[in-house]
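Encoded as structure tokens, here's the structure I'll be asking about.
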Amino acid sequence: MSTKVYLVEDEPLIAETIKTALINDGYTVCGITDNAKEALYDIEEYKPDLILLDITIEGTIDGVSLAEKIQQKFNIPYIFLTSLSDPETIARVKKTNPYGYIIKPFNEAGLRSNIELALHKHQQENLSDLTTYNTSFFIKNKGELIKIVKEEILYVEAFDNYAYIITEHAKHIISYTLKKVQEKINDANFIRVHRSYVINVNKIEALIDNYVVINGQNIPVGKSYKEQLMSKISLL
């Protein structure tokens, strides 16, 4: 699945040019807007992998202030794409710790390389944020670290390039593939049973046909995973 990019740009012609460049490079443009209010709503809905953010946009909230709100609410990298390069603007931008700053006019090669570097940097940061211990680990959520106790995890579900960690008390989304979450949990009780699910075998309530039941939820079991699952279950 291609990388989803959301674009905040108030000049229609430039927005269309950027959109075309992104599509030509294999990215998916999941949304475009010229104002902060709509951007926050769309980002919540579309969950892009990266945001391209102009500084001068419609409304009372400019791009730098919007970046601060994105930091507070989401764990999504963003790159400023702007014609502004004055010292005052640069000073404001620095405080938001962006993943890139591209001065217009830009070229497609520069845009692509900045996007790939931003995505790589974000992935590496997330790897350091998911710190594994013997019985628990921490995940980053809206600027804070939340402790997840392994034994409380019911299952993990894939969602595009993200994953949901379902515990006994909550549902968390993180910027990891299902494979990477399983590697980081690093526990033999957590096994893959489907291309979209990793389960905690200690939480299985029943097996029915090609499903396992965990907390009342039917989770499908793929044929290629069934043998490993059965090897983890004690039968009388």
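Using packing as a proxy for protection, rank 154-163, 49-58 so that the peptide with the highest average count of other Cβ atoms within 10 Å comes first.
Answer by packing, highest mean first, reads 49-58, 154-163.
Among [x] 14.6; [y] 13.6; [z] 12.8, only one was calculated for this model; which label is it, if the read-out is mean projected area of the Cα convex hull in nm²?
Answer by label: [x].
Applying 1/(1 + (r/R0)^6) with R0 = 35 Å to the Cβ-Cβ distance of E144 and E88, what FRET efficiency is obtained, to the nearest 0.05?
0.70
Could you order I76, I103 so the one with the most accessible surface comes first? Probe is 1.4 Å.
Correct descending sequence by accessible area is I103, I76.
Nearest 20 debye, what's the magnitude of the dipole of the chain about its Cα centre given +1 on Lys and Arg Cβ and -1 on Asp and Glu Cβ?
1000 debye
Roughly what percent of Cα-Cα pairs across the range 1-134 reach past 23 Å?
Cα-Cα pairs in the range 1-134 separated by more than 23 Å: 28 percent.
Give me the distance in nm between label points sitting 7 Å out from Cα along the Cα-to-Cβ direction at E183 and T28, one decimal.
2.3 nm
Using heavy-atom solvent-accessible surface (probe 1.4 Å) with all chains present, what is the largest-first order of S175, S224?
I get S224, S175, largest accessible area first.
Taking the Cα centre of each part, how many Å lie between the range 184-211 and the range 1-42?
The distance from the Cα centre of the range 184-211 to that of the range 1-42 comes to 38 Å.
Determine the calculated [θ] at 222 nm for the chain from helices alone, applying -39500 (n - 2.57) to every DSSP H run no shorter than 4 residues and normalising by the residue count; nearest 500 deg cm²/dmol.
-11000 deg cm²/dmol
Contour minus end-to-end for E68 and V213, with contour as 0.36 nm per residue of separation and end-to-end as the Cα-Cα distance?
Value of the extension gain: 48.0 nm.
The values are calculated or read from the model by the stated rules, or taken from the named source; none is laboratory data. Bear in mind the structure is a predicted one, so any value in this text is a computation, not a measurement. No Cβ is skipped: glycine too gets one built from the backbone with ideal geometry, and neighbour counts run over all protein chains shown. Ligands, DNA and RNA are stripped out before the accessible areas are found, and what is left, the full protein with its side chains, is counted by its heavy atoms. Shrake-Rupley method; radii C 1.70, N 1.55, O 1.52, S 1.80 Å.
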